[in-house]
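Structure, as structure tokens:
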Amino acid sequence: MIALACDHTGVALKGELAKMLDEMGLEWKDFGNYDAANRDDDYPVFGYRAAQAVASGECDRGILICGTGIGIGIAAGKVKGIRVCTCSDVYSAELSKRHNNSNILTMGARVVGTELAKMIARHWLTAEFEGGRHQRRIDMIERIENGLDPEA
Ligand code: RB5
């Protein structure tokens with residue numbers, strides 16, 4: 001199950017990504033926003049809801065959209081257990097899974113076009129975490145998250 005979320009800037013792109021997930025045979029759940037006209041919405045709300053769903057195991061991963069991908073990514077990354085990659089290129093998206101085991105991808109609806117966003121998401125969704133030395137580094141990130149020195 002893929003968590004989808006966006007603020008008003010990302011409603012159209014989120015819809016295109018949902019269609020792509022349907023074509024890939026992947027289930028998704030939409031955590032809002034649903035209203036592209038509501039410029040008063042707050043991206044942390046939607047980032048938090050989707051990140052909580054991933055952290056709790058309700059969803060396996062998430063794809064989140066705001067204007068730049070940055071704000072919603074910062075918000076989602078505050079949830080324990082969430083590793084966000086904010087991407088506007090395919091290489092970073094793929095490597096963020098292979099090396100960093102990212103569990104949330106964010107993109108900027110005002111940064112990437114629809115087709116590039118879909119390509120980035122496809123690469124991210126199909127890449128596999130490589131484990132090994134990369135797992136050691138993820139463990140270090142978890143120690144930091146728990147207020148510990150990564151080498152402790
Ligand atoms: C909304 O105007 C914009 O600030 C938001 O979508 C996002 O880009 C924040 O990081």
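The values are calculated or read from the model by the stated rules, or taken from the named source; none is laboratory data. Small disclaimer: the values here were computed from a predicted structure and weren't measured. Reconstructed Cβ throughout: ideal geometry from the backbone, glycine too, with neighbour counts over all protein chains shown.
What to note about this one:
- Given (1) in contact (Cβ under 8 Å) with a residue 24 or more places away in the chain; (2) surrounded by fewer than 16 Cβ atoms within 10 Å (Cβ to Cβ); (3) more than 16 Å from the ligand (Cβ to nearest atom); (4) of a type outside the set (D, E, K, R), index of the condition Asn38 fails: (3)
- Qualifying residue in the stretch 96-105 (condition: without any contact (Cβ under 8 Å) to a residue 60 or more places away in the chain and under 12 Å from Cys6 (Cα atoms)): yes
- Listed by position, the helices (runs of 4 or more DSSP H) enclosed by the stretch 55-152 that each have at least 1 residues that are among the small types (Gly, Ala, Ser) and surrounded by 18 or more Cβ atoms within 10 Å (Cβ to Cβ) are 70-77, 90-98, 114-126.
- Screening the candidates Gly81, Gly57, Gly131, Gly147 for the property of being modelled with pLDDT under 95, away from the ligand (no atom under 16 Å from the Cβ) and small (Gly, Ala, Ser) yields one hit, Gly131.
- Of all residues in the stretch 5-35, those that are buried (at least 16 other Cβ atoms within 10 Å of the Cβ) and within 15 Å of the ligand (Cβ to nearest atom) total 11.
- Among (1) over 27 Å from Glu130 (Cα atoms); (2) assigned to a helix (DSSP H, G or I) - the single one Asn33 does not satisfy: (2)
- Exclusive hit being surrounded by 18 or more Cβ atoms within 10 Å (Cβ to Cβ), in contact with an Asp or Glu (Cβ under 9 Å, 6 or more places away or on another chain) and hydroxyl-bearing (Ser, Thr, Tyr), set Tyr43, Tyr48: Tyr43
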